[in-house]
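*Asks:* Take this structure, written in structure tokens, and hold onto it; I'll ask about it next.
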Amino acid sequence: MSFFKKLKDKFTGNEETEVSDKYKEGLSKTRNSFSSKINDLVAKYRKVDEDFFEDLEEILISADVGVSTVMDLIDELKMEVKRQNIKDTSKVKEVISEKLVEIYYGEDNESVEKLNLQEGELSVVLFVGVNGVGKTTTIGKVAHQLKQEGKKVVLAAGDTFRAGAIEQLEVWGERVGVEVVKHNAGSDPAAVIYDGVKAAKSRNADVLLCDTAGRLQNKVNLMNELSKVKRVIEKEIPGAPHEVLLVLDATTGQNAMSQAKTFSESTDVTGIVLTKLDGTAKGGIVLAIRNELQIPVKFIGLGEKVTDLQSFDAHAFVYGLFADMLDDNQE
Amino acid sequence: MAFEGLADRLQSTIQKIKGKGKVTEQDVKEMTREVRLALLEADVNFKVVKDFVKRVKERAVGQEVMESLTPGQQVIKVVKEELTSLMGGEQSKIAVADRSPTVIMMVGLQGAGKTTTTGKLANLLRKKYNRKPLLVAADIYRPAAIKQLETLGSQLGMPVFSLGTEVSPVEIANKAIEQAKAEHNDYVIIDTAGRLHVDTDLMDELQQIKTNVNPNEIFLVVDAMTGQDAVNVAESFNEQLDISGVVLTKLDGDTRGGAALSIKAVTDKPIKFAGMGEKLDELEAFHPERMASRILGMGDVLSLIEKAQDNVDEKKAKELEQKMRSASFTFDDFLEQMGQVKNMGPLEDLIGMLPGANKMKGLKNVQFDEKQISHVEAIIQSMTKKERQDPSLMNASRKKRIAKGSGRSVSEVNRLLKQFEDMKKMMKQMTNMQGGKKGKKGKGLNFPFM
């Protein structure tokens, strides 16, 4: 109760209400199915027994949370239920959400994960990920956001491999009104990024957003290529890239963990962008990744519009997921 | 590998029930739990898993342990059979219309790989069937999607039909077919925009295209890495468009690809092709068998069990077993076994399948690099008959001769000799572990290789 109250208070009557509404809207499909399932579950079982936990396990697994995370969570829940001697399923509901939230939050209290941008000097953000997750689109959206904040942004078309990728970024550049540094298709991505850094420097840009070609994480050569791109940036600007964002598709299953691990090994991923959360995919992978790899989620993609990219706010995210349940709890 | 395969998962349970002549209900329950976890970790939808496990359980309960198999393998076999029947047979045929052109529609979520697959499919049609496809750029929404298809078209030297981004996809599709008729293109592949299955407007658009062009094939393109949501996606696309087949992309990654099973289970439509790389010729016929093994995380091992059972002469296997126990296994036997095994698939997988094998120390030194097999063969073939029977004869000059004869280095010859000894030791351990004495429920390893 106290926990939900705190959450609720955080969002009612202050300027963040709009944000949480956006989350509620974008995540409505997720939330509806998820919390209605938990409610179904609670209604279905009077007693907290093995069957109850088995069904709960299924709900979580169907949200792509990941088998091992779910197993750990269920074990913890069982212990908690025993400790508090909970027999009534309606009471266990709160324990479930608290435990889930605990995984989201982890140890750190900072719930809003802002981009690590340098004040007054050039910041470089490198975007990496497998094919088709939405890297280029995300860059367009991030560029728009930064421009709205009054920053001077330059884009580097580092995906020289996929047909039409450079043109795609150029269209975004035009839409948003920022410069795009590019070479011909098929050229060395490291060279493009190098020129991007030079150009951004000479134009006194605030932020350089670097696109890269999508690559499956088990392609060793391509992963080495990515490390090289990162080294080129490091060499030009000590301390850069200031962010390496791994773009993940929310519909991806357990392989997202493998992606996060392998991309981290080659490029020291600093944050995650979770795209396509506006479908029916549950995005439970966020739980697993935060839990197992401690990589924070910085943005989530809630739609195709340029404004549909939201800063990831764990409080708001959880609030969106559990909104129905929170409302119930207020009574 | 990030996840445990079924073989690893079943390990502890198998240890427990080893020596039992019969698998009890409790044993089956434990094993099916492991099957369930393995499938879930492979991203098979939990509902599909539930039904599946139920069937496996029904079949496995009370089944006698087959003479030549351990109970664990028996369960794996049941799982494999069920998986294979669920996945269906290989179906990579593409429809041909009575009257040209044949129309194919590509549909799917954003980023699944529709445009790339369109290019690959066109390439396949020309290469394998000698067809003349026309590619149609009907994705008017994503920036530069048309450009992407045009680039692919020019790489392939194939015509691409586009009307820019201001014309509706329905009209583009209609006009494209007119052009195909005029230009005598016998296939028309329509690349549609990626869309969410819950986006009613865009799904309506697809239905309109469908009604207008009356396609002979509608391929749903799905990313092999898709998680639990694959069921929802496949179900809604199928319900709204009645798809004719599925193309699974990015299968060259390291995902288990459980989505394949989920999609097949909910749509009952064949998965026809698999995208195996970024190049335009990397579209292959989909092999349900291989996929079944992959989902379980066992390489092609499952089919090895069957092949081994089918192909190997029982009597020879018995002889070998005897040899193993008495440690009189020679290089000749080794060579013969290698010949048989080579046709069956990766050796390491074979070893990995043996119950307890991955926990044995001896195996660490026995490395089976696929590329080296032919080298090994060459080395053994360069030995005299006597040497093959009795490796203890080896001395420096013999080794030198063998190295010369096989074109390998002396150190490689040495390594092989060492490995051979290690293997013999391992076999001894293995037979001891298995109880060793004959007549004990016939649990001897009947592997051709062993």
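*Asks:* For the range A:145-167, give me each residue that is away from chain B (no Cβ under 13 Å) and either free of Cβ contacts under 8 Å to residues at least 12 places away in the same chain or surrounded by fewer than 23 Cβ atoms within 10 Å (Cβ to Cβ) (or both).
*Replies:* A:GLN145, A:LEU146, A:LYS147, A:GLN148, A:GLU149, A:GLY150, A:LYS151, A:LYS152
Quick grid of which residues meet (1) more than 30 Å from B:ASN45 (Cα to Cα); (2) of a type in the set (A, V, I, L, M, F, W, C); (3) away from chain B (no Cβ under 14 Å); (4) surrounded by fewer than 16 Cβ atoms within 10 Å (Cβ to Cβ):
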| position | (1), (2), (3), (4) |
| --- | --- |
| A:GLY66 | no, no, no, no |
| A:THR89 | no, no, yes, no |
| A:LEU100 | no, yes, yes, no |
| A:LEU115 | yes, yes, yes, no |
| A:GLY129 | no, no, no, no |
| A:GLY134 | no, no, no, no |
| A:ILE139 | yes, yes, no, no |
| A:LEU169 | yes, yes, no, no |
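*Asks:* Let me ask something else. In the range A:111-145, what residues are among the hydroxyl-bearing types (Ser, Thr, Tyr) and closer than 22 Å to A:THR252 by Cα?
*Replies:* Of everything in the range A:111-145, those that are among the hydroxyl-bearing types (Ser, Thr, Tyr) and closer than 22 Å to A:THR252 by Cα turn out to be A:THR136, A:THR137, A:THR138.
*Asks:* Okay, next question. Could you tell me whether B:LEU206 is assigned to a loop (DSSP other than H, G, I, E, B), away from chain A (no Cβ under 14 Å) and touching a helix residue (DSSP H, G or I) at 6+ places or on another chain (Cβ under 7 Å)?
*Replies:* So B:LEU206 fails the test.
*Asks:* List the residue pairs whose Cβ atoms are under 8 Å apart, where the first residue sits in the range B:155-166 and is assigned by TED's automatic domain parsing to the domain that holds B:ALA193, the second is in a loop (DSSP other than H, G, I, E, B) and not hydroxyl-bearing (Ser, Thr, Tyr), and the two are 6 or more positions apart or on different chains.
*Replies:* Close Cβ pairs satisfying both conditions: B:GLN155/A:ALA163; B:GLN155/B:LEU280; B:LEU156/B:LEU280; B:PRO159/B:ASN185; B:GLY164/B:ILE140; B:THR165/B:ILE140; B:GLU166/B:ILE140.
*Asks:* Determine, yes or no, whether A:ILE272 is in contact (Cβ under 8 Å) with a residue 60 or more places away in the chain and of a type in the set (Val, Ile, Thr).
*Replies:* No.
*Asks:* Just to verify a result, which residue in the range B:215-238, among those that are at pLDDT below 95 and either away from chain A (no Cβ under 14 Å) or part of a loop (DSSP other than H, G, I, E, B) (or both), is farthest from the chain's Cα centre (by Cα)?
*Replies:* Taking the candidates together, the pick is B:ASP229.
*Asks:* If you don't mind, there's one more thing I want to ask. Determine if the range B:121-143 includes at least one residue that is facing chain A (nearest Cβ under 10 Å), in contact (Cβ under 8 Å) with a residue 40 or more places away in the chain and closer than 23 Å to B:PHE286 by Cα.
*Replies:* No - not one qualifying residue is present in the range B:121-143.
*Asks:* Continuing with the same structure: Quick one: which of B:ILE263, B:ILE243, B:ILE190 is in contact (Cβ under 8 Å) with a residue 12 or more places away in the chain and either surrounded by fewer than 15 Cβ atoms within 10 Å (Cβ to Cβ) or part of a helix (DSSP H, G or I) (or both)? Lay out the reasoning, then the answer.
*Replies:* On the way: B:ILE243 fails: either surrounded by fewer than 15 Cβ atoms within 10 Å (Cβ to Cβ) or part of a helix (DSSP H, G or I) (or both); B:ILE190 fails: either surrounded by fewer than 15 Cβ atoms within 10 Å (Cβ to Cβ) or part of a helix (DSSP H, G or I) (or both).
Of the residues listed, the single one that is in contact (Cβ under 8 Å) with a residue 12 or more places away in the chain and either surrounded by fewer than 15 Cβ atoms within 10 Å (Cβ to Cβ) or part of a helix (DSSP H, G or I) (or both) is B:ILE263.
*Asks:* Any idea how many residues of the range A:172-192 are more than 17 Å from B:PRO143 (Cα to Cα) and either in a loop (DSSP other than H, G, I, E, B) or among the β-branched types (Val, Ile, Thr) (or both)?
*Replies:* Counting residues in the range A:172-192 that are more than 17 Å from B:PRO143 (Cα to Cα) and either in a loop (DSSP other than H, G, I, E, B) or among the β-branched types (Val, Ile, Thr) (or both) gives 7.
Let's see how each residue does on (1) at pLDDT 85 or above; (2) farther than 17 Å from B:VAL78 by Cα; (3) surrounded by fewer than 22 Cβ atoms within 10 Å (Cβ to Cβ):
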site: B:LYS29; (1), (2), (3): no, no, yes
site: B:GLU41; (1), (2), (3): yes, yes, no
site: B:LYS47; (1), (2), (3): yes, yes, yes
site: B:ASP51; (1), (2), (3): yes, no, yes
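*Asks:* Can you name the number of the only condition in (1) surrounded by 20 or more Cβ atoms within 10 Å (Cβ to Cβ); (2) in a helix (DSSP H, G or I) that B:ASN185 fails?
*Replies:* Among (1) surrounded by 20 or more Cβ atoms within 10 Å (Cβ to Cβ); (2) in a helix (DSSP H, G or I), B:ASN185 violates only (2).
*Asks:* Does B:GLU235 fit the bill of being under 16 Å from B:MET105 (Cβ atoms) and out of contact with any Leu (no Cβ under 8 Å at 6 or more places or on another chain)?
*Replies:* no
*Asks:* Hey, another quick one. Exactly one condition in (1) surrounded by 24 or more Cβ atoms within 10 Å (Cβ to Cβ); (2) more than 10 Å from chain A (Cβ to nearest Cβ); (3) of a type in the set (D, E, K, R) is not met by B:GLU171; state its number.
*Replies:* Of (1) surrounded by 24 or more Cβ atoms within 10 Å (Cβ to Cβ); (2) more than 10 Å from chain A (Cβ to nearest Cβ); (3) of a type in the set (D, E, K, R), only one is false for B:GLU171: (1).
*Asks:* Sticking with this structure for a sec: Are any of the residues in the range A:19-26 modelled with pLDDT of 70 or more and surrounded by fewer than 17 Cβ atoms within 10 Å (Cβ to Cβ)?
*Replies:* Initial filter on the range A:19-26 (modelled with pLDDT of 70 or more): none.
The answer is no, given that none of the residues of the range A:19-26 is modelled with pLDDT of 70 or more and surrounded by fewer than 17 Cβ atoms within 10 Å (Cβ to Cβ).
*Asks:* Mind checking which residues of the range A:193-210 are farther than 20 Å from A:GLU149 by Cβ and surrounded by 21 or more Cβ atoms within 10 Å (Cβ to Cβ)?
*Replies:* A:ILE193, A:GLY196, A:VAL197
*Asks:* Still on this structure, I have one more. Looking at (1) aliphatic (A, V, I, L, M); (2) within 14 Å of another protein chain (Cβ to nearest Cβ); (3) in a strand (DSSP E or B), can you tell me which one B:ILE146 breaks?
*Replies:* (3)
*Asks:* Can you find a residue in the range B:103-116 that is assigned by TED's automatic domain parsing to the domain that holds B:ILE177, in contact with a strand residue (DSSP E or B) (Cβ under 8 Å, 6 or more places away or on another chain), of a type in the set (Ser, Thr, Tyr) and closer than 20 Å to B:ASN214 by Cβ?
*Replies:* No, because not a single residue in the range B:103-116 is assigned by TED's automatic domain parsing to the domain that holds B:ILE177, in contact with a strand residue (DSSP E or B) (Cβ under 8 Å, 6 or more places away or on another chain), of a type in the set (Ser, Thr, Tyr) and closer than 20 Å to B:ASN214 by Cβ.
*Asks:* Considering each of B:GLY275, B:GLY245, B:GLY253 in turn, give the residue that is at the interface with another protein chain (Cβ under 10 Å from one of its Cβ atoms), of a type outside the set (A, V, I, L, M, F, W, C) and closer than 17 Å to B:GLU90 by Cα.
*Replies:* B:GLY275
The values are calculated or read from the model by the stated rules, or taken from the named source; none is laboratory data. In this text, all values refer to a predicted model and were calculated from it rather than measured experimentally. Ideal geometry is used to build each Cβ from the backbone, glycine not excepted, and the neighbour counts take in all protein chains shown.
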